[in-house]
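Data block below; observations after.
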């Protein structure tokens with residue numbers, strides 16, 4: 001399992017994207033920091049709040065890359081990746097799918113709530129009509 005945190009500026013806030021890649025696939029979580037976080041603040045955030053992150057459903061990953069043994073090489077690759085790319089396309093796709101899924105759930109809940117309210121109003125109206133007929 002590999003975990004990648006990408007922090008970038010998305011006007012007007014700093015945003016962090018956690019990408020978790022394992023045998024199941026790629027999962028993504030997005031966090032808005034506000035002000036630019038420092039390295040110690042990021043470490044503290046990860047240690048205190050990582051278990052609260054809501055990762056998206058796994059998206060199938062083509063292949064899971066294993067880190068190479070040389071730490072200097074990994075550091076260079078990380079620097080190059082952050083300078084050129086930012087967040088990966090797969091992470092963006094996973095976030096978009098998660099947002100669409102949440103929107104569908106939200107729409108379904110609001111539709112059910114509106115239908116329940118309409119039914120309640122109808123029943124109140126019918127009860128009122130019934131009471132008028134009885135002469136009460």
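The table below gives the values:
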{"read-out": "Close pairs from the range 118-136: first modelled with pLDDT of 95 or more, partner exposed (fewer than 10 other Cβ atoms within 10 Å of the Cβ), Cβ under 9 Å, at least 6 apart", "value": "none"}
{"read-out": "Test: residue in the range 61-70 that is at pLDDT 85 or above and closer than 18 Å to residue 14 by Cβ", "value": "no"}
{"read-out": "Conditions (1) modelled with pLDDT of 80 or more; (2) surrounded by fewer than 10 Cβ atoms within 10 Å (Cβ to Cβ); (3) in a helix (DSSP H, G or I); number of the one not met by residue 83", "value": "(1)"}
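The values are calculated or read from the model by the stated rules, or taken from the named source; none is laboratory data. Model, not experiment: these values are computed from the prediction. So basically every Cβ, Gly included, is an ideal-geometry build from the backbone, and we count neighbours across all protein chains shown.
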